[in-house]
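Written below as structure tokens is the structure these notes are about.
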Amino acid sequence: QVQLVESGGGLVQAGGSLRLSCADSGLIFNFFGLAWFRQAPGKEREFVSAISWTGGSTDYADSVKGRFTISRDNTKKTVYLQMNSLKPEDTAVYYCAADSFGLGSALSSDYDYWGQGTQVTVSS
């Protein structure tokens with residue numbers, strides 16, 4: 001069983017940084033692909049970034065390339081999203097998700113487990 005808990009959200013000014021963390025209390029985290037999605041008010045959930053189970057493959061939405069970095073520490077069963085140069089349009093609830101195929105897909109339908117979300121608010 002995988003149980004994902006996000007943390008690290010908050011309020012930050014435009015241009016600032018935040019690091020989100022997502023920890024898993026289950027037993028097989030190391031073999032899962034992991035991703036971050038986000039959902040802004042009135043909008044559909046969208047892909048942000050993903051990482052394969054080995055950490056050797058990563059993917060980013062065009063809107064965050066060069067600003068966000070995804071990483072994972074399998075010894076700590078944690079995935080991170082370092083967010084730099086934040087913009088007001090990055091404001092959303094950010095969700096961590098786990099994919100049992102391990103590849104780190106950009107499709108939300110490929111993910112089996114989801115966290116409860118953490119709010120990120122970027123003020124202008």
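The values are calculated or read from the model by the stated rules, or taken from the named source; none is laboratory data. No experiment lies behind these values; they were computed from the predicted model shown. FYI the Cβ positions are ideal-geometry reconstructions off the backbone, even for glycines, and counts take in every protein chain you see. Surface areas here come from the heavy atoms of the whole protein model, side chains and all, with no ligands, DNA or RNA. Shrake-Rupley method; radii C 1.70, N 1.55, O 1.52, S 1.80 Å.
Tabulated data
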read-out: Any hit, the range 82-91, residues being under 29 Å from Ala14 (Cβ atoms), of a type in the set (Val, Ile, Thr) and part of a strand (DSSP E or B); value: no
read-out: Matching residues, the range 22-45, being part of a strand (DSSP E or B) and within 10 Å of Tyr95 (Cα to Cα); value: Cys22, Ala35, Trp36, Phe37, Arg38, Gln39
read-out: Pair list, Cβ under 8 Å, 6 or more apart: the range 54-82 residue within 17 Å of Ser7 (Cβ to Cβ), other residue of a type in the set (Lys, Arg) and surrounded by 15 or more Cβ atoms within 10 Å (Cβ to Cβ); value: Thr78/Arg72; Val79/Arg72; Tyr80/Arg72
read-out: The range 93-114, residues that are out of contact with any Lys or Arg (no Cβ under 9 Å at 6 or more places or on another chain) and open to solvent by less than 10 Å² (accessible area, probe 1.4 Å); value: Cys96, Ala97, Ala98, Asp99, Gly102
read-out: Residues satisfying the stated conditions in the range 83-92, i.e. touching a residue at least 60 places away in the same chain (Cβ under 8 Å) and of a type in the set (Gly, Ala, Ser); value: Ser85
read-out: Condition met for Asp90 (under 14 Å from the mean Cα position of the chain (by Cα), open to solvent by less than 10 Å² (accessible area, probe 1.4 Å) and within 17 Å of Leu4 (Cα to Cα)); value: no
read-out: Residue in the range 52-62 that is open to solvent by 50 Å² or more (accessible area, probe 1.4 Å) and not in a loop (DSSP other than H, G, I, E, B) present; value: yes
